[in-house]
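Taking it in order: structure first as structure tokens, then the write-up.
The values are calculated or read from the model by the stated rules, or taken from the named source; none is laboratory data. Just so you know, these numbers come straight off a predicted model, no measurement behind them. Positions of Cβ are generated from backbone atoms using ideal geometry, with glycine treated the same way; all protein chains shown enter the neighbour counts. In case anyone asks, the SASA skips ligands and DNA or RNA and just uses the protein heavy atoms, side chains included. Shrake-Rupley method; radii C 1.70, N 1.55, O 1.52, S 1.80 Å.
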Amino acid sequence: MTIHTPVEANERVYPSPKVPAVAICLDGCEPEYLDVAIAKGLMPTLKRMREEGTDKLAHSVIPSFTNPNNLSIATGRPPIVHGICGNYLIDPDSGEEVMMNDVRFLRAPTVFSKFYEAGARVAVVTAKDKLRALLGAGLKYDEGRAICFSSEKSDQTTMAENGIDNASKWLGMEVPEVYSAELSEFVFAAGVKLLKEFKPDVMYLSTTDYIQHKFAPDQKGALDFYEMFDKYLAELDALGAAIVVTADHGMKPKHLADGSPAVIYVQDLMDEWLGKDAARVILPITDPYVVHHGALGSFATCYLPAGADRADIMAKLDARDEIILVVTREEAVKRFELPADRIGDIVMISGENMTIGTSAHRHDLAALKEPLRSHGGLTEQEVPFIVNRRVDLPNAPDLRNFDAFLYACTAAAL
């Protein structure tokens, strides 16, 4: 291995790994998916890891969305430190609603960049390209010690930008469809080949939750996905890596009995209470991949107009059965460790089987072919945390998904 001393990142100390330290983020992996697949005999490797290694549940960060949790895993810290509190925000500098996938929004170095600075070999593979730049922040590719790319753009990778030329050709797999299980399978296959050939000290594999949005844990599409994952997990385990399997968030059904989405349209309510467009409701789940969820999740933030009675608006929202929590910006910062300048005046969270929308006419739900499954709230905060070696772990809520690399490195240092 190329490093011999602990690495400090964002005031946490990571032991020097003696074998590759690998963290796998199974996007949208509600714990029930693993329980059902194991019970059906489809995941013998993970079953053995649970029995012989360490099996816990952890808490994700809130909002339980992809970008905040992936960057928390990548930095080992909550959003108040790294700044990424959603997929989407109002940019405080411009007042415009923009995607939060630009490196300029990242306020803390990643664990990967700190290991790289210490002389380590680092590999990062993510399914969607929206995360690739953020996860690769601080990596340099001119020394042959870093590789970072996405399945989605794997045929466009270059040595200068990703540390590898044409990753699709290198792996011998076609670029998968974005809306497919194959997008995640590409990540796993790349991880196995990187472990064999590139031999990273630290590696992060992050998938997409297309399957979890589409299928419940007992449906064939989900069972096939986890059976496929287990086979790659067996290869990674056999190569001697210390592995942590966790998730960025869970996933719950969010639909009515007739299969239509269960939604409370809060922008419409704000327009009724305060006047049209006086308030601005922001849905941080919003991203370019709306086929998954129609931009409907269980977390929203709202910017109120000057002079609005915040307590009155909060009381009205709190009176709605669909909403299980309404807090001020200040309380959200304290309770969920969010950056104050990137959330609105109030934060709201809907129940286990309910989502929050803006205005009914602004959501194109035609692409939703199955009953809605989504995430973002407190009911999707519980995630698996499984280590293929025995390590001493706390229980949730003290154990967080962003402890993944701390314990992967701890296990790798044994």
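Tabulated data for the structure shown
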| quantity | calculated |
| --- | --- |
| Karplus (6.51, -1.76, 1.60) ³J(HN,Hα), θ = phi - 60°, over the range 104-112, in Hz, Gly and Pro reported as x | 5, 7, 7, 10, 9, x, 7, 4, 4 |
| Protection proxy ranking, peptides 71-82, 298-309, average beta carbon neighbours within 10 Å, highest first | 71-82, 298-309 |
| Antiparallel bridges, percent of DSSP beta bridges restricted to the chain (to nearest 5) | 55 percent |
| For the chain, average projected area of the Cα convex hull in nm² | 19.0 nm² |
| From phi via Karplus (6.51, -1.76, 1.60), per-residue ³J(HN,Hα) for the range 376-392 in Hz, x at Gly/Pro | x, x, 5, 6, 10, 7, 7, 9, x, 8, 10, 10, 7, 9, 7, 9, 8 |
| Stretch gain in nm, segment Asp224-Ala413, where the contour uses 0.36 nm per residue and the Cα spacing is subtracted | 64.7 nm |
| Residue (of Ile211, Pro253, Leu236) at the positive-pole extreme of the range 207-269, dipole from beta-carbon charges | Pro253 |
| The chain - charge dipole about Cα centre, Lys and Arg +1 at Cβ, Asp and Glu -1, debye rounded to 20 | 1000 debye |
| Within the accessible area of the chain (1.4 Å probe), percent carbon and sulfur | 49 percent |
| Other-chain or far-sequence residues with amide H under 5 Å of Arg400's (modelled H) | His59 |
| Under 5 Å, built H, 5+ apart or other chain: amide partners of Gly297 | Ile356 |
| Mean Cβ count within 10 Å, highest first, over the residues of peptides 247-253, 378-384 | 247-253, 378-384 |
| Long pairs among Lys18/Lys114; Lys220/Lys252; Lys114/Lys199; Lys128/Lys252, criterion Cα-Cα beyond 20 Å | Lys128/Lys252 |
| Probe 1.4 Å, protein heavy atoms only - accessible area per residue of the range 1-113 in square angstrom | 35 Å² |
| Low-density loop cleavage sites - trypsin sites (Lys or Arg not before Pro) in the range 217-313, where at most 15 other Cβ are within 10 Å (DSSP) | Lys276 |
| Other-chain or far-sequence residues with amide H under 5 Å of Leu26's (modelled H) | Thr246, Ala247, Asp248 |
| Spread of Cα-to-Cα distances over 10 Å intervals beginning at zero, given as percent, for the range 280-414 | 11, 33, 29, 19, 7, 1 |
| For the range 321-414: accessible area per residue (Å², 1.4 Å) | 40 Å² |
| Alpha carbon Rg of the range 50-104, scaled by the compact-globule rule 2.2 N^0.38 Å | 1.43 |
| Global form of the range 353-414, assessed from the alpha-carbon gyration tensor, a/c cut-off 1.5 | prolate |
| Largest-first principal axis extents of the Cα set of the range 113-159 (Å) | 29, 18, 12 |
| 222 nm mean residue ellipticity, helices alone, for the chain (DSSP H n ≥ 4; -39,500 (n - 2.57); rounded to 500) | -8500 deg cm²/dmol |
| Dipole moment magnitude, nearest 20 debye, the range 183-244 about Cα centre, only Lys, Arg, Asp, Glu C-beta charged | 140 debye |
